[in-house]
Structure formats: structure tokens, C-alpha cells
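The values are calculated or read from the model by the stated rules, or taken from the named source; none is laboratory data. Note that this is a predicted model, so its numbers are computed, not measured. Every residue, glycine as well, gets a Cβ built from its backbone with ideal geometry; the counts of neighbours run over all protein chains shown.
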Amino acid sequence: MQTARFFSAFLWLASIGACATAGEPKAAAPAPAISKTSARSMPEAELKAAALSQLGDILAEYPRPSGGKKPKYPLTDLRYWTTPRSGAWPNICRYQTVQFVFSPLGPAGGDADAPMRVSGLDLDDRYFLIGDVERDRDDDVDRNRAPFDKACAARDPLSQKVLSADREDQIVTIVGWLREMNAMSDEAFSRLDIVCDIRSDSPLSACGAIIKSAKPSSIASIRDCARDQRDIREPSCIAADLDSLSVVFEARQGDALPLRIVARELIYFADQRID
């Protein structure tokens, strides 16, 4: 019961912190700061409320459907994003999408007036690039994060080319490989082991040329290779979606270039209904 009350308070605080749209200043004063000393002395309930009020300050709400049409289905989720901050490498900005998941108080179903309650949270990391990314990590980020965080916080994620990744170092690796392949001569590039597992009548069948010219802005997602993929030959493997291609890069740890590249046509699924 106490948890439910705090979630309700958090939703109210988050809505205050997110009332401004991206690019507009937040009108509400920030929540009070907390020190470790004060945190150790606070009662659990008070500390939880103080931390959640600060979280409300860094949340912005995703745009709601517009047009004035009355919603039809029950409330299933509310989506926010956190203020972007610097990653571990300069020019990589990181933020989280925060989705409140709702469940009905009564039987499932109903319409947009059905009473719902928060039943969980889904968090996902998102990234965008604001400049060149070098493989060698710059210790300046660790020594003084403030200017790097400020540069990221000034960007509106909705106006950036956003990508997802399992880990930040994967972004550095893929961006480095793309840079190396961009700079290669056609003859040198032709010696790479590239497999285009795409039907011959597809405009993507010449996947080698697409991969060679791919820029970091073409990256949509990066992830570890699927564990059930049977044809992986090398010990290190990263998969990436580059525009309309799903590409598997196989390499040994620290290689300047992948040893084998397998590309397949990316399959898109229809987005969920908008209500």
C-alpha cells in the first residue's frame, strides 16, 4: 500500500517536472539536493520521497497523440525520457526511456475511462552522437563530466538520430569499423569476407557497397549476436542495424576491422496502434 502511494506521488511529481516540452525551460523549481549524510539520517519514507522528487526534475514526457480525438482504449503506459548526459566517451550522449506500465484495478478490458494503477517500470538506454567518436577513451570525461553533460543536456533527443545498444563500447567499435571501411580503397575492401544473404532481386543485394559507405548516422541499433546463431565463426560478434540492413560483424577482440561480415535484409514490423 505504501509503495502504491509513493508511485502515485512520483507520477504527480514527474508530471510537474515534465510539463515543459523539449526545448522549453522547466518552470518548477528543482527539488532540494540530498547529501549522503542527510540520506543516512532520513527515515526510509522521507528519503524515498526526496529521491523520487529529484527524479521528476529530469523526466520529460514523450508527445501525446494530438488531434482532439477521444481515446478509445484503457491507459496501458506513460513514456518519459531522462535528461541526456555524457557517456564514458566524448561525443556519446546517453539517456533512458522510462515507461510506466499500468494494469487495471478491475477485470481486463474496458475503455479509456477504466481505472488503472502503475504495476511496473520499463527502462531502456538510448544514445546519440554529437561529434566524432574515437576508440581511445578520453580521461577528460572522468576528470570533469560537467561540460560533457551540459553539451548532451542541451540536445533534444526527439531531434537526434537515436540508437540503442547493449553496451556503450559497442558503439565505439562499430563507429570505428565504419570509419576504417569508409577510408579503404575499393580493392582493399573487396578482400574483406562479406556475405550478402539477400535475394538477388532486392536493391540491397549489393550490400557491400552499402556497408562501405555507411556512416554512424545510419546506425539504428547495436547488440550482442543472437546466441542461437549457428554460423558464427569468430569469437567476438556484434550485430547492428544499418538503415535497411541487419549486419553481423565477426572479429577477434581489438581487431581494427571485422574478419567476416554477414548482411541480411532488415524486416520491419508495424508499430502499435495509436490511441
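Observations
- Whether a residue is in contact with a helix residue (DSSP H, G or I) (Cβ under 9 Å, 6 or more places away or on another chain) and either farther than 25 Å from Thr83 by Cβ or in a loop (DSSP other than H, G, I, E, B) (or both) was assessed, and Ile171 does not pass this test.
- Hits in the stretch 44-65 - residues which are crowded, with 16+ Cβ neighbours inside 10 Å, out of contact with any strand residue (DSSP E or B) (no Cβ under 8 Å at 6 or more places or on another chain) and closer than 19 Å to Asp77 by Cβ: Leu52, Leu55, Gly56
- Only one of the listed residues (Gly110, Gly106) is of a type outside the set (A, V, I, L, M, F, W, C), out of contact with any Leu (no Cβ under 9 Å at 6 or more places or on another chain), in contact (Cβ under 8 Å) with a residue 24 or more places away in the chain and surrounded by fewer than 16 Cβ atoms within 10 Å (Cβ to Cβ). That residue is Gly110.
- Selected residue (criterion: nearest to Asp57 (Cα to Cα)) from residues of the stretch 27-43 that are loosely packed, with under 10 Cβ neighbours inside 10 Å and within 28 Å of the chain's Cα centre (by Cα): Ala29
- Top-ranked residue of the stretch 122-138 - restricted to ones that are more than 12 Å from Gly87 (Cα to Cα) and of a type outside the set (Lys, Arg), ranked as surrounded by the fewest Cβ atoms within 10 Å (Cβ to Cβ): Asp136
- Of all the numbered requirements in (1) among the charged types (D, E, K, R); (2) more than 19 Å from Asp275 (Cα to Cα); (3) more than 22 Å from the chain's Cα centre (by Cα), Asp124 misses one, and that requirement is (3).
- The number of residues in the stretch 73-82 that are within 29 Å of Arg145 (Cβ to Cβ) and either over 15 Å from the mean Cα position of the chain (by Cα) or surrounded by fewer than 16 Cβ atoms within 10 Å (Cβ to Cβ) (or both) comes to 1.
- A single member of Arg155, Arg199 is part of a loop (DSSP other than H, G, I, E, B), more than 23 Å from the chain's Cα centre (by Cα) and touching a residue at least 24 places away in the same chain (Cβ under 8 Å), and it is Arg199.
- Filter result for the condition that a residue is loosely packed, with under 15 Cβ neighbours inside 10 Å, among the polar types (S, T, N, Q) and either closer than 26 Å to Phe128 by Cα or touching a Lys or Arg at 6+ places or on another chain (Cβ under 8 Å) (or both), over Ser218, Ser213, Ser190: Ser213
Every residue, every condition in (1) under 22 Å from the mean Cα position of the chain (by Cα); (2) in a strand (DSSP E or B); (3) at pLDDT 85 or above, yes or no:
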| residue | (1), (2), (3) |
| --- | --- |
| Ile194 | no, yes, yes |
| Gly208 | no, no, yes |
| Ser217 | yes, no, yes |
| Ser221 | yes, yes, yes |
| Arg233 | no, no, no |
| Tyr268 | yes, no, no |
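- Candidates Phe102, Phe148, Phe128: the one that is among the aromatic types (Phe, Trp, Tyr), out of contact with any helix residue (DSSP H, G or I) (no Cβ under 9 Å at 6 or more places or on another chain) and not in a loop (DSSP other than H, G, I, E, B) is Phe102.
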